[in-house]
Amino acid sequence: MKTIRRLIHREALGAVTFVTVGFLALFFFFDLVDELRWVGRAGEDGYQLSHALLFVVLSIPSHLYELLPITVLIGTIFVMARLAQSSEFTIMRTSGMGPWRALRTLLTLGGVFVLLTFAVGDYLAPLTDRTAQLIKVRYLGRLTAGATGAWLKERQEDHSFAVNVRALTPNGGMLDVRIFEFDEKGRLASQTRAASGQFGTDGSWTLEKVQRSHFEQQSEKNEARVEHLESPSLQWPTKISADMVAASLLKPDRMATLDLFQFIRHLNANGQSAQKYEIEFWRKVFYPLSCLVMVVLALPFAYLHFRSGGIAGYVFGGVMAGISFFLLNNVFGYAGNLQNWSPWLTAAAPGLIYSLLSLAAFGWLVLRR
């Protein structure tokens, strides 16, 4: 039985590797074509073809993380269908490989892909994505999100602060920083604007070219007074770190699970909506487990009877099933964010649906035969 397990694992690993390399090559080509539009825009010393190639190469781990469940499904379906077509799986069944033993064999293989997917998505992909973004920032100019940049909120004693950072510079600084301070009654207490800023090591920001407006409410006369100050530099104490600002500018799916968790805690502590980040956190938790769902979904193909040359149709069906799972995962993410669904249920629902479908198909085929 150990020999049979090794055979299935070796064939499945080879097929999954082949399919994964093929998909990565396709994405590499499309990404490179897309990056060519930026080449030469910043002059001879700016973004060149070598930088575009490096950026695309550093984007490969992110694509690998997204593709692994789909390629696991396609590769495993191909192997199981080919074993059924050549009657090898029938011989394995007569040698003592029952349905549950076959299921355990594939689940063991799926567990390996779960660990691989988690390692790539939580350690390798965030690191390479950040490096790729820094390359682009260095040679193209700045890292920003949308028209207004990153918005964050912080509470200090009885005052709250709304902070806006328009963009990050190649050296890790900030551009166009705005800080709005509100008192305990929710009234605007001060407004600070700085042309640039740097993250300090002592938990403070060093703001440069500062313009500050301080609003004072005189309760006796019911009058408001405004003081305008200008300063070449200003130290602003805060717990908002560089990682938090970068997290607001980067997509949540590009962050590590621990970074997402810490960022969610910061948002909740300061009364900000964290629904989108909570859904992405639970998706990061459940997404590697989808590899187990995919190998279970592939197992029923070993119990089908194939005509000569009919295996291509089943592999195509596997491709469509993998794409539908990917689309359903995204649809649930968007719908859960709009409808304010439970984050963990929103992230787990696609995997649960496909698990029930695959187990139902497996049970039906086994009982029928």
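One table, with the values for the structure above:
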quantity: Test: residue in the stretch 328-350 that is touching a Leu at 6+ places or on another chain (Cβ under 6 Å), at pLDDT 80 or above and in a helix (DSSP H, G or I); calculated: yes
quantity: Filter result (open to solvent by 60 Å² or more (accessible area, probe 1.4 Å) and in contact (Cβ under 8 Å) with a residue 12 or more places away in the chain) within the stretch 106-126; calculated: L107, T108, L115, L116, F118, Y123, L124
quantity: Residue check, V285 surrounded by fewer than 20 Cβ atoms within 10 Å (Cβ to Cβ) and β-branched (V, I, T); calculated: yes
quantity: All helices (runs of 4 or more DSSP H) inside the stretch 1-112 with 1 or more residues being within 25 Å of the chain's Cα centre (by Cα); calculated: 2-35, 49-58, 60-85
quantity: Test: F78 is touching a residue at least 40 places away in the same chain (Cβ under 8 Å) and open to solvent by 60 Å² or more (accessible area, probe 1.4 Å); calculated: yes
quantity: Pairs where the first residue, in the stretch 259-271, is in contact (Cβ under 8 Å) with a residue 24 or more places away in the chain and under 17 Å from L127 (Cα atoms) and the second is of a type in the set (A, V, I, L, M, F, W, C) and open to solvent by less than 90 Å² (accessible area, probe 1.4 Å), C-beta under 6 Å, 6+ apart; calculated: L260/F281
quantity: Evaluation of L124 against (1) touching a Leu at 6+ places or on another chain (Cβ under 9 Å); (2) at pLDDT 85 or above; (3) within 30 Å of A302 (Cα to Cα); (4) not small (G, A, S) (one fails), failing number; calculated: (3)
quantity: The stretch 165-181: number of residues that are assigned to a strand (DSSP E or B), at pLDDT below 90 and either open to solvent by 40 Å² or more (accessible area, probe 1.4 Å) or farther than 23 Å from L229 by Cβ (or both); calculated: 4
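The values are calculated or read from the model by the stated rules, or taken from the named source; none is laboratory data. What you are looking at is a predicted structure, and each value in this text was computed from that prediction instead of being measured. Neighbour counts are summed over all protein chains in view; Cβ atoms, including those assigned to glycine, are modelled from backbone coordinates with ideal geometry. To get the accessible areas, we keep the full protein, side chains included, count just its heavy atoms, and leave off ligands, DNA and RNA. Shrake-Rupley method; radii C 1.70, N 1.55, O 1.52, S 1.80 Å.
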